[in-house]
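Below: the structure, in structure tokens.
The values are calculated or read from the model by the stated rules, or taken from the named source; none is laboratory data. Every value quoted in this text rests on a predicted model; they were computed, and no experiment measured them. Please note: Cβ atoms are built from the backbone with ideal geometry, for glycine as well, and neighbour counts cover all protein chains shown.
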Amino acid sequence: MTGPALLIRRGRVWRPAGVLADGAVLIEGGRVAWVGESGAAPGGWDSELDAGGALVTPGLVDAHTHPVYLAPRLREVAARSAGAGYAEIAAAGGGIGATVRGTRGAAPGELAELVRERLARWPAGGATTVEAKTGYHLDRSGELAAVRLLAGLSTAGRLPRLSVTFLAAHALPPGYERTATDYLAEVSAWLPEAKAAGAAAADVFCDEGYFEVEPSRRLLESARAAGLAVRLHADELARTGGAGLAAQVGAVSADHLLRIDAGDAVALAAAGVVAVLCPVTAMGMGRLPPVAALRAAGAVLALGSDHNPGTSGITSMATVVGLAVQALGLSLEEALRAATAGGAAAVMLAGETGTLSPGEAADVVLWDADHEGAFAWQLGELRPSAVYRSGLPILGAGG
Ligand SMILES: [Zn+2]
């Protein structure tokens, strides 16, 4: 189902290629058929929407999320705000291990419904595509079930499109008695099944206290051999070499990057690795990624909410764009480009979404503002009035 042909006219159409102050977008067969000045719009459409000067953008892409969990760890968030450290929280039974225990204990139907309801929030922040990771089961059957759950939801009504990432290498399973290298060797054996279940990529938390570079490299090489793209949580807690590894193995993205240096930024850019920045996480860590170095290197940027049960509950890419400007120092142009074309590159959907170019899926957002400055000015208060995924309304527009 793709819906009738629709002309959206009289919008301020923002695209990575430039702005049309009085622009129009023609949607046919779920695809962008034409974009140009309102006065030059072709006929032949079934219905017309007068945007009344409102901002129109491509659907936003959230390039980093962890949505498959039972419940947020709110007590831990409060404890951390009062100065509790990582070790203290882990000793009190918190951290990723706590989420794993709870999520493994959830009934499959209960977890599926929670995750579906959770993902239904993203369109309200303007996202039509979301990268979604597994990683709160940390055993073969649970991780593969999480891939199947996400892959199934990607085609569900009124949800964003999902790009599924297999993150069994998130942390050591609670109570695991062998080494991290042993665990990654086990995970390697699950990769072909993850691919078959619908994963597009594999990810590893390559950082201090998690997984070291060499076993991570072996895992990612196995993932490539299994036909999966690879991405990394890299150099967030300490500069252990994750970004360098991402460049060496040809990762599609390296995420967080709070500790990288200028040389790492050059290596990422030269290897075509998308740098995924997560402003909420950076603010929580009190450490910002080196945007100037990434900019100077010419790296492609993307943005993520890093939605997860421990440190970020946000689902609004409008908020993430605003924070990328206000906290990370991106220009509005850079932030919007990162949240559209950059995100599409991070999830390997360049050419399919992110630029409002003819032929792409008609992922279109009408905003309750008449200029993109509203992203930084209103932060999380900027809302879409309508969101289309492949030409079908998933928010507003009577859908
Ligand atoms: Zn993450």
The one condition Glu177 fails out of (1) without any contact (Cβ under 8 Å) to a residue 40 or more places away in the chain; (2) assigned to a loop (DSSP other than H, G, I, E, B); (3) closer than 19 Å to Pro72 by Cα is (3)
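Would you check if there is a residue in region 45-55 being over 30 Å from Gly95 (Cβ atoms), part of a loop (DSSP other than H, G, I, E, B) and modelled with pLDDT under 95? Walk me through how you get there before you give the answer.
Pass one, region 45-55, residues over 30 Å from Gly95 (Cβ atoms): 45-55.
From the residues that got through so far, the ones that are part of a loop (DSSP other than H, G, I, E, B) too are 45-46, 51-54.
Next, from what is left, pick out any that are modelled with pLDDT under 95: 45-46.
Checking region 45-55: at least one residue is over 30 Å from Gly95 (Cβ atoms), part of a loop (DSSP other than H, G, I, E, B) and modelled with pLDDT under 95.
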Those strands (runs of 3 or more DSSP E) completely within region 236-311 that have 2 or more residues that are in contact with a helix residue (DSSP H, G or I) (Cβ under 7 Å, 6 or more places away or on another chain), more than 22 Å from Val68 (Cα to Cα) and more than 13 Å from the ligand (Cβ to nearest atom) are 274-277
Thr181 passes all but one of the listed conditions (1) among the β-branched types (Val, Ile, Thr); (2) within 15 Å of the ligand (Cβ to nearest atom); (3) in contact with a Pro (Cβ under 8 Å, 6 or more places away or on another chain); the exception is number (2)
Among Thr340, Thr353, Thr311, Thr319, the single one that is more than 17 Å from Arg9 (Cα to Cα) and either out of contact with any Gly (no Cβ under 8 Å at 6 or more places or on another chain) or at pLDDT below 95 (or both) is Thr311
On the basis of being farther than 23 Å from Asp203 by Cβ and of a type outside the set (A, V, I, L, M, F, W, C), does Gly329 make the cut? yes
Checking Glu352, Glu334 in turn, the sole residue that is touching a strand residue (DSSP E or B) at 6+ places or on another chain (Cβ under 6 Å), away from the ligand (no atom under 16 Å from the Cβ) and among the acidic types (Asp, Glu) turns out to be Glu352
Of the candidates Val325, Val291, the one satisfying the condition of being surrounded by fewer than 24 Cβ atoms within 10 Å (Cβ to Cβ), of a type in the set (Val, Ile, Thr), at pLDDT 95 or above and within 24 Å of Leu237 (Cβ to Cβ) is Val291
